[in-house]
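The values are calculated or read from the model by the stated rules, or taken from the named source; none is laboratory data. Note that the structure is predicted; figures quoted are calculated from it, not measured. Note that we place each Cβ from the backbone using ideal geometry, even for glycine, and neighbour counts take in every protein chain shown.
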Amino acid sequence: MQVRESVSESLVRSRLVDMFRVVVVVLMVSVHVPYTLKLPELATLYGGVSWHSLSLTLAEFGFLLRENLMLFLKSGLGRGAVAALTLVSAWFVMEGLERRNAVDVARNRLVSMGLPYVFWAVAYLMIAGGIAGANVNYRWLEKIFGIGIWPYNYPLHFVFDICFATVVFLALHALGLRNRWMVALAGVALCLVTLLWGENANRFGDNGMSLMPRSSIVLLFFLGVATHGVWKRLFEPSVLRAVSSNGVLAGLVLATLLSAHFLEYYNIAVPKDPTARGVLLFALTIPARLICGFLVFAALARVVVSSEAPAQVSRKLGFRIFCSHLIAVTVLLHFIPDGFETGYPLALFVLVYAGCVGFGVAVHYAIEAVSRLRFSPATLLARI
């Protein structure tokens, strides 16, 4: 199957990037939906299985399948989605530089991401925070803007990370740093600074207790900028057919599952304080995350080569799902009876996951409908 010649390559590229962004956002949401991976039990089962005879009971097989599927989704596709979103952000910055100067691109990105950041941070604090019994009068500026800590709506820290990386890159670009190898080197240097001098909250490199961005986001953003020309070649029809072949997809599925195991090990085993071992393992998480994200791209490429053109998806849909999903998580968990997670963990995950995505889609179309009304606040709402 081939991409129809009547469809321009630029149209395919634009629509595929937009679709890719929405899909990876939906996958990223899974990371924040509660489900406790039973890793000790899984490790015990691995060690106790007689692999030469595959002596597994039906219950053990079901447990093995369920936990690996959840690991594949949350630690593989979910964590890989963050890397993919970072590369997409770098893509749009480079596309912007082809039409405007660095100052205009920086202004546009800060406004387009800053307004939704403030709106959804306040919305979460007032809605979900109020339901959860948070004291909104205590350090509310910290909770909204993440001054020295992650914001209360903690997924929004990704927006801060991207804005930070964007401003630094565009400043270097304006100063004359254009060579892609030098851009990549600058990204590595900035990543090391954040690794060694940032103050971590949960895991090595998250910088959750400082004003520094996550180290992985900085590095991936600069690598995405430096390799922008390479990513463009991925959209050539022959390349899309190659990466979406059965053999490549099968290999990526296996590699993603293995990467998911490694990424979960990294989250558990690596101490928060900087060590040589921590830096090495952190470096290995970058290709692991990219593998997981590339699987999604390859799967979408399969859709492209088998149809006339990718479906047109609003660019704001994914961003609104991303910004609003934690509200749905908090509200749903507040009304779900205690003990449901213990008794029916998979059912709870599916219920909350579907609720998050559905809520984000509903929010998007509600904002689109209101923004078409002819009154001044609607114009501002359209930018949220």
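Of the residues making up region 53-72, none is part of a helix (DSSP H, G or I), charged (D, E, K, R) and at pLDDT 90 or above.
Of the candidates Arg79, Arg109, Arg100, the single residue that is basic (Lys, Arg), touching a helix residue (DSSP H, G or I) at 6+ places or on another chain (Cβ under 9 Å) and surrounded by fewer than 19 Cβ atoms within 10 Å (Cβ to Cβ) is Arg100.
Are any residues in region 228-275 within 17 Å of Ala298 (Cβ to Cβ), of a type outside the set (A, V, I, L, M) and surrounded by 14 or more Cβ atoms within 10 Å (Cβ to Cβ), and if so, which ones?
If the condition is that a residue be within 17 Å of Ala298 (Cβ to Cβ), of a type outside the set (A, V, I, L, M) and surrounded by 14 or more Cβ atoms within 10 Å (Cβ to Cβ), then Trp231, Lys232, Phe235, Glu236, Pro237, Arg241, Ser244, Ser245, Gly251, Thr256, Ser259 are the ones that fit.
Residues in region 268-313 that are closer than 21 Å to Ala184 by Cβ and among the basic types (Lys, Arg): Arg289 only.
For region 298-381, the helices (runs of 4 or more DSSP H) that sit wholly inside it and include 3 or more residues that are modelled with pLDDT of 85 or more and buried (at least 19 other Cβ atoms within 10 Å of the Cβ) are 315-335, 345-371.
Taking region 262-273, which residues are of a type in the set (Asp, Glu) and in a helix (DSSP H, G or I)?
Answer for region 262-273, where residues must be of a type in the set (Asp, Glu) and in a helix (DSSP H, G or I): just Glu264.
Scanning region 354-374 for residues that are hydroxyl-bearing (Ser, Thr, Tyr) and under 11 Å from Lys316 (Cα atoms) turns up just one, Tyr365.
In this structure, is Ala123 touching a residue at least 12 places away in the same chain (Cβ under 8 Å), assigned to a helix (DSSP H, G or I) and buried (at least 21 other Cβ atoms within 10 Å of the Cβ)? When the stated conditions are applied, Ala123 does not pass them. When residues in region 56-70 are screened for being farther than 15 Å from Pro34 by Cβ and in contact (Cβ under 8 Å) with a residue 60 or more places away in the chain, 2 of them pass.
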